[in-house]
Amino acid sequence: MIPVSCGQIAEAVGGELAGVDPAAVVDGPVVKDSREAGPGGLFVALPGERVDGHDYVEAVSAAGVTVSLTTRPVEGCPCIVVADTQVALGELARLVVSKLPDLVVIGLTGSQGKTSTKDLIAQLLRPYGVTVAPVGSFNNELGHPLTALQADENTRFLVAEMGARHIGDVKYLCRIAPPTVGLVLNVGRSHIGEFGSQDAIAQAKGELIEAVVPGGTAVLNADDPRVAAMASRTSETVKTFGEAPDADVRATGIKLDAGGRPGFELHIGDSTFDIQLQLVGEHQVSNALAAATAVLAVGLKPEQVAEGLNAATTVSKWRMEVTERADGVTVINDAYNANPDSVRAALKALVALGRARGARTWAVLGPMGELGDTSLEEHDGIGRLVVRLDVNRLVAVGEAARPIHLGASLEGSWGDESAYVESSDEALALLRKELRQGDVVLVKASRFVGLDRLATALLEEAQQ
């Protein structure tokens, strides 16, 4: 973070100084976890149901932070007292970004693929300038400003992943860090229980395009009609990506190798490049095209983009992580999150990998969250898709995932190939009993289910 005085911070966030000199400077990390607090930094005391950050203000003050953002004075501790520390954090990030006029902000949103695309963009940019990007899915009203506050005078690029559960969420995040480039990946059915319809999701995602700064660029998915239609929501330059023949950056000849990794021809203007991604799943092609278009918009050359895509690797954990055990069983850990579109993509990658290896395939699937009234239909549809794709075995985990098992059973031609279990422990016991050398196992569910622990246990099995 750039050095900012406590007086400037108080003015920006509408706070009152308590026990702190207005000339005192914050030039260290801004954190919400007291264990990460250090000299010269700022601690954000967030109230919570189980833990109240205010209980740790004394400890972080002893650790040397310059000041804490609080909602009440803490005796003997330097504080800036505000009505809402979360809101104040956003205002602080807005202040810092405004003091970095040469900072290039690439904002991206979408129903799926945000984190993988963010990781690709950051890998493409880092050879050409200091780049700040969120860790994992740091994409909400807390993670976004905390990421922005990592930027300083040396930072050239800020990659801002933006999630949304309500109309106005993306608009709020864009106010903190106005995007030079606004990228919308897709409009799927993730969080449809919150939004009510895909059109409402499109309305929310398109707030990013409306926020693109003058002289900036909107990057849109030519293969998604709802995204392509967002071109009407900006007067700035629009660039498109996809497999559509008229896309500005497009892919042809997509093929998966024996590891389930896609190769394709990348077309940028009159130039064509051979790309072999190191990421698993055909859906990564769209993510790669999106990343390529975004970095081209900030000045990278086509040759640099192609070189970067061929070298890029998986960064964030639990997203199509492919690990082969010593006994020959391959585990695909994609248990960070799940929605109907991402589950379909993961199942197709599983089948492709199994086919390339001549291996038996397993889909271990937990429930998908935030689907509202469409939940039963969507889970049933995934079960039927498992059968249609000819996945060899299905294990549905948890009561909310039972419709996946029922959908597969009703699709026909399946007997004992589909199983329902109530817990991860039961799923692990079943897999221990029935897995054999060469099998490929996909583990996929929404994050709250905790199937990542099942994937970890499967990998530890071969080490014991």
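Any chance you could count how many residues in the range 435-456 are more than 24 Å from the chain's Cα centre (by Cα) and either of a type in the set (Lys, Arg) or surrounded by 13 or more Cβ atoms within 10 Å (Cβ to Cβ) (or both)?
So in the range 435-456, the residues more than 24 Å from the chain's Cα centre (by Cα) come out as 435-440.
Filter once more, so that each one left must be either of a type in the set (Lys, Arg) or surrounded by 13 or more Cβ atoms within 10 Å (Cβ to Cβ) (or both): 435-436, 438-440.
Within the range 435-456, residues that are more than 24 Å from the chain's Cα centre (by Cα) and either of a type in the set (Lys, Arg) or surrounded by 13 or more Cβ atoms within 10 Å (Cβ to Cβ) (or both) number 5.
Going by the conditions given, is SER68 buried (at least 24 other Cβ atoms within 10 Å of the Cβ), more than 30 Å from ARG189 (Cβ to Cβ) and small (Gly, Ala, Ser)?
Values: buried (at least 24 other Cβ atoms within 10 Å of the Cβ): yes; more than 30 Å from ARG189 (Cβ to Cβ): yes; small (Gly, Ala, Ser): yes.
The answer is yes for SER68.
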> Residue check: is VAL44 out of contact with any His (no Cβ under 9 Å at 6 or more places or on another chain) and either in the same structural domain as LEU158 (by TED's automatic domain parsing) or within 17 Å of SER5 (Cβ to Cβ) (or both)?
Replying inline: no
> Only one of these conditions is not met by ARG35: (1) assigned to a helix (DSSP H, G or I); (2) crowded, with 18+ Cβ neighbours inside 10 Å. Which number is it?
Replying inline: (2)
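Give me the residue from the range 417-434 that is among the charged types (D, E, K, R) and not in a loop (DSSP other than H, G, I, E, B) and, out of that set, surrounded by the fewest Cβ atoms within 10 Å (Cβ to Cβ). Let's see the steps before the verdict.
Of the residues in the range 417-434, the ones among the charged types (D, E, K, R) are 417, 422, 425-426, 432-434.
Keeping just the survivors that are not in a loop (DSSP other than H, G, I, E, B) gives 425-426, 432-434.
Numbers: ASP425: 13, GLU426: 15, ARG432: 11, LYS433: 7, GLU434: 13.
Going through the qualifying residues, I end up with LYS433.
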> What number of residues within the range 448-464 satisfy the criterion of being farther than 21 Å from VAL386 by Cβ and either modelled with pLDDT of 90 or more or of a type outside the set (S, T, N, Q) (or both)?
Replying inline: 8
>> I'm told ALA251 meets every condition in (1) out of contact with any Phe, Trp or Tyr (no Cβ under 9 Å at 6 or more places or on another chain); (2) in a strand (DSSP E or B); (3) under 30 Å from PRO179 (Cα atoms) except one. Can you identify the failing condition by its number?
In response: (1)
>> I need every pair where a residue in the range 1-29 that is without any contact (Cβ under 8 Å) to a residue 40 or more places away in the chain and assigned to a loop (DSSP other than H, G, I, E, B) has its Cβ under 6 Å from the Cβ of a residue that is β-branched (Val, Ile, Thr) and surrounded by 15 or more Cβ atoms within 10 Å (Cβ to Cβ), sequence separation at least 6 or different chains.
In response: PRO3/VAL25
>> Need the failing condition index for VAL26 against (1) under 17 Å from GLN150 (Cα atoms); (2) among the aliphatic types (A, V, I, L, M); (3) surrounded by fewer than 18 Cβ atoms within 10 Å (Cβ to Cβ); (4) in contact with a Ser or Thr (Cβ under 7 Å, 6 or more places away or on another chain), just the number.
In response: (3)
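Table: residues versus (1) part of a helix (DSSP H, G or I); (2) touching a residue at least 24 places away in the same chain (Cβ under 8 Å); (3) farther than 22 Å from LEU289 by Cβ; (4) touching a Lys or Arg at 6+ places or on another chain (Cβ under 6 Å).
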position	(1), (2), (3), (4)
GLY107	no, yes, no, no
SER111	no, yes, no, no
LEU124	yes, yes, no, no
LEU146	yes, yes, yes, no
THR155	no, yes, yes, no
LEU158	no, yes, no, no
>> For the range 322-369, give me each residue that is in a strand (DSSP E or B) and free of Cβ contacts under 8 Å to residues at least 60 places away in the same chain.
In response: GLU324
> In the list ALA290, ALA244, ALA258, which residue meets the criterion of being among the aliphatic types (A, V, I, L, M), outside any strand (DSSP E or B) and under 21 Å from GLY216 (Cα atoms)?
Replying inline: ALA290
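The values are calculated or read from the model by the stated rules, or taken from the named source; none is laboratory data. Here the structure is a predicted model, which is why all the values come from computation and not from measurement. Cβ atoms come from the backbone with ideal geometry, glycine included; neighbour counts cover every protein chain shown.
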